[in-house]
1. I need the full set of residues from the stretch 191-226 which are closer than 17 Å to HIS106 by Cα, assigned to a loop (DSSP other than H, G, I, E, B) and among the β-branched types (Val, Ile, Thr), in order please.
2. Taking only pairs six or more apart or across chains, which ones have beta-carbon atoms under 7 Å, a first residue in the stretch 45-56 that is surrounded by 19 or more Cβ atoms within 10 Å (Cβ to Cβ), and a second residue that is part of a helix (DSSP H, G or I) and at pLDDT 95 or above?
3. Name, by its number, the condition in (1) in contact with a His (Cβ under 8 Å, 6 or more places away or on another chain); (2) part of a loop (DSSP other than H, G, I, E, B) that does not hold for ALA158.
4. Being over 20 Å from ARG239 (Cα atoms) and assigned to a helix (DSSP H, G or I), is that true of even one residue in the stretch 180-190?
5. Restricting to the stretch 165-189, and then to whatever is modelled with pLDDT under 95 and within 18 Å of the chain's Cα centre (by Cα), can you tell me which residue is nearest to ASN137 (Cα to Cα)?
6. How many residues, within the stretch 242-284, are in a loop (DSSP other than H, G, I, E, B), modelled with pLDDT of 95 or more and farther than 10 Å from GLY131 by Cα?
7. Please work out which one of (1) of a type in the set (A, V, I, L, M, F, W, C); (2) more than 22 Å from THR133 (Cβ to Cβ); (3) at pLDDT below 95 is the condition ALA79 fails and give its number.
8. Only one of these conditions is not met by TYR142: (1) assigned to a strand (DSSP E or B); (2) out of contact with any helix residue (DSSP H, G or I) (no Cβ under 6 Å at 6 or more places or on another chain); (3) not aliphatic (A, V, I, L, M). Which number is it?
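The values are calculated or read from the model by the stated rules, or taken from the named source; none is laboratory data. Fair warning: this is a prediction, and the values are worked out from it, not measured in the lab. In this analysis, Cβ positions are derived from the backbone assuming ideal geometry, glycine residues included, and neighbour counts consider all displayed protein chains.
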Amino acid sequence: MAYSDAEAGFTQFEARPMSPAIGAELIGANLAQPTDELVKEVRAALLRYQVVFFRDQELTRAQHIAFARKFGELEIHPATPKEQPDPEVLRIVHGPNSRGTENAWHSDVTWREAPSLGSILRAIELPDVGGDTLFSNMVMAYDELDADLKERLCGMVAVHDIARVFAKRLGKDVSELHAKYPPMEHPVIRTHPETGQRALYVNTAFTDHIKGMDREESDELLKYLYSRAAIPEHQCRFRWAPGSLAFWDNRACQHYAASDYFPNVRIMERVTIAGDRPYFDPGR
């Protein structure tokens with residue numbers, strides 16, 4: 001549902017919805033010098049739209065980090081090189097020697113005990129065409145499930161595993177990865193800690209199986225639940241340009257980075273805000 005700026009109380013920017021389901025461009029925000037009021041309104045817009053976009057921002061890496069820190073403690077991803085001076089930044093580089101691999105619907109770092117609140121992604125170098133990022137509303141995905149399935153899912157827990165993606169990507173043995181990041185159990189339906197909304201919380205990248213369920217039955221159910229992210233009516237699509245940033249709520253949506261630009265170069269930098277442990281509140 002689209003809201004006017006007056007209804008939302010926004011005074012620091014104009015919010016232009018990207019689709020009826022999810023996303024808005026925040027026009028007029030200056031992220032290089034964020035005031036307390038701007039940060040407050042960006043957070044409110046994030047909760048309302050699940051992902052917000054900014055254009056024509058000329059930020060340094062330090063300003064990118066500083067803006068993200070306004071929303072909470074920052075986390076460091078294990079894929080960040082140890083020698084990097086600013087480990088809060090995850091640099092994602094693809095080109096002729098590296099085809100993009102983020103082209104699957106996912107929610108970031110659900111293998112953590114406390115997955116991230118959200119991420120702020122900044123365009124550094126872009127192909128002439130392609131490399132868009134899509135976002136899908138997981139609150140809507142939950143809302144549109146039939147009542148019997150909702151009731152069934154609300155009692156389920158899924159196991160999330162870092163090794164599904166990062167064992168190969170980091171060149172690590174599974175047991176070595178699990179020693180530092182053991183598989184985590186999270187509710188299949190999570191309650192958003194700020195909005196109280198329920199959202200579908202399984203994803204193709206990191207969800208391995210549903211606890212206590214036969215593997216074949218678990219795989220079949222998860223396949224159906226994964227497919228809910230791919231419904232176009234749940235989505236918006238963002239076309240990147242120089243100076244663009246996206247800030248998404250990892251607790252409420254999933255994203256998909258289209259890898260249609262190979263062998264051209266696409267370089268992005270991501271700063272991620274730490275979150276809290278997912279839970280399900282049966283009373284909301």
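1. Once the filter is applied, which keeps residues that are closer than 17 Å to HIS106 by Cα, assigned to a loop (DSSP other than H, G, I, E, B) and among the β-branched types (Val, Ile, Thr), the stretch 191-226 yields VAL202, THR204.
2. Short answer, once both residue conditions are applied: VAL52/VAL42; VAL52/ALA45; VAL52/LEU46.
3. Only one criterion in (1) in contact with a His (Cβ under 8 Å, 6 or more places away or on another chain); (2) part of a loop (DSSP other than H, G, I, E, B) is unmet by ALA158, namely (2).
4. Yes, the stretch 180-190 contains a residue that is over 20 Å from ARG239 (Cα atoms) and assigned to a helix (DSSP H, G or I).
5. VAL165
6. Qualifying residue count for the region: 15.
7. ALA79 satisfies all of (1) of a type in the set (A, V, I, L, M, F, W, C); (2) more than 22 Å from THR133 (Cβ to Cβ); (3) at pLDDT below 95 except (2).
8. Among (1) assigned to a strand (DSSP E or B); (2) out of contact with any helix residue (DSSP H, G or I) (no Cβ under 6 Å at 6 or more places or on another chain); (3) not aliphatic (A, V, I, L, M), the lone unmet condition for TYR142 is (1).
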